[in-house]
Amino acid sequence: MPALFILTGAGISADSGIPTFRGLDGLWEGHDLEDVATPEGWSRDPALVWRFYQQRRAALGAVQPNAAHHALLKLERALAAAGQRFTLVTQNVDDLHQRAGSQPIAMHGELRSLLCESCGARERDLEHLDPATFKACSSCAYPRLRPDVVWFGEMPRAIRRIENALAGCTHFLACGTSGNVYPAAGYLAYARAGGAHTWINSMEAPDNADPRDELLLGRASAVIPALVERLIAEWGLEPCAD
Ligand code: OAD
């Protein structure tokens, strides 16, 4: 029976209206990574970084999970009911998997959370969205919480847990990720080398693709529900009621 590992990236949220990072109109096109996505940028100009993330945090209020997020939850529930292993890891900092009902490992952090650099406290907050005003820590009153996201040069979250799940997987799906940012970009090859069947859903073959991967080109909101129906049938799973 399968042990499924799913890695998602910005492409799964593109159909909900959140821009991806790379390519035309990508989030990184209009911004210098060094300025807005590094600890050094935050030290240099916290007001600029805060404004950038407050806009992204506020934008979450205008989007909804799409059919791909919902389909992955359906598959997770069907596998859980059959006692099978399922791991969902996302590089996305939006909360669309969570709002669909999944509990992904958010390896690059979460926009809906703020982090205190002084006492380490985390606060769930999507209320304070003013781009011009910092939020103080509710635990220690440190005046400036930071976005609880992983910046370039910082360690992604839950790496040990992710690697354990990856080591035992028999099937691997990469959805909406360009295969540019490590360590996540290495998971596909790792799963493949371990003998897992590998699917890639993307708009074009990503940089880390291999001829052995089963390439499912097209929008996640169409491709993923179809794949989920196929797997439920092939694996003889019982779909769960919503
Ligand atoms: P990218 O913007 O690099 O890649 C998005 C991928 O999604 C591309 O391969 C597109 O072809 C694909 N895509 C676009 N629209 C799609 C759709 N509707 N359906 C399916 N696929 C679609 O985003 P990521 O790979 O997620 O890290 O980027 C990885 C990391 O780089 C991010 O987590 C972020 C960024 O810098 C940090 O900020 C640490």
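The values are calculated or read from the model by the stated rules, or taken from the named source; none is laboratory data. What you see is a predicted model, and the numbers here were worked out from it, not measured in a lab. Because the Cβ atoms are built from the backbone with ideal geometry, glycine has one as well, and the counts that use them run over all protein chains shown. Heavy atoms of the whole protein, side chains included, go into the accessibility calculation; ligands, DNA and RNA do not. Shrake-Rupley method; radii C 1.70, N 1.55, O 1.52, S 1.80 Å.
Every residue in the range 94-124 that is among the basic types (Lys, Arg) and within 17 Å of the chain's Cα centre (by Cα), please.
Kept after step one, since they are among the basic types (Lys, Arg), are these residues of the range 94-124: 99, 112, 122, 124.
Across the range 94-124, the qualifying residues are Arg99, Arg112.
Among the residues of the range 51-66, the one identified as among the basic types (Lys, Arg) and free of Cβ contacts under 8 Å to residues at least 60 places away in the same chain is Arg56.
Would you point out which residue out of Ala185, Ala191 is among the aliphatic types (A, V, I, L, M) and either near the ligand (Cβ under 7 Å from one of its atoms) or closer than 22 Å to Val228 by Cβ (or both)? Every option except Ala191 fails the conditions. With a requirement of 2 or more residues that are open to solvent by 10 Å² or more (accessible area, probe 1.4 Å) and more than 13 Å from the ligand (Cβ to nearest atom), the helices (runs of 4 or more DSSP H) lying completely within the range 1-91 that satisfy it span 39-44, 46-59, 67-81.
Residues in the range 108-129 that are within 21 Å of Asp15 (Cβ to Cβ) and assigned to a loop (DSSP other than H, G, I, E, B): 1 in all.
Scanning the range 172-185 for residues that are over 25 Å from Ala71 (Cα atoms) and of a type outside the set (A, V, I, L, M) yields Asn180, Tyr182, Pro183.
One line per residue, one yes/no per condition, for (1) farther than 28 Å from Gly17 by Cα; (2) touching a strand residue (DSSP E or B) at 6+ places or on another chain (Cβ under 9 Å); (3) of a type outside the set (Ser, Thr, Tyr):
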residue: Ala141; (1), (2), (3): yes, no, yes
residue: Gly195; (1), (2), (3): yes, no, yes
residue: Ser221; (1), (2), (3): no, no, no
residue: Leu227; (1), (2), (3): no, yes, yes
residue: Ala233; (1), (2), (3): yes, no, yes
residue: Leu237; (1), (2), (3): yes, no, yes
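Scanning the range 194-211 for residues that are over 23 Å from His69 (Cα atoms), of a type in the set (Gly, Ala, Ser) and either within 16 Å of the ligand (Cβ to nearest atom) or in contact with a helix residue (DSSP H, G or I) (Cβ under 8 Å, 6 or more places away or on another chain) (or both) returns a single hit, Gly194. Working only within the range 212-224, note down all residues that are touching a residue at least 24 places away in the same chain (Cβ under 8 Å) and more than 9 Å from the ligand (Cβ to nearest atom). Of everything in the range 212-224, just one residue is touching a residue at least 24 places away in the same chain (Cβ under 8 Å) and more than 9 Å from the ligand (Cβ to nearest atom), namely Asp213.
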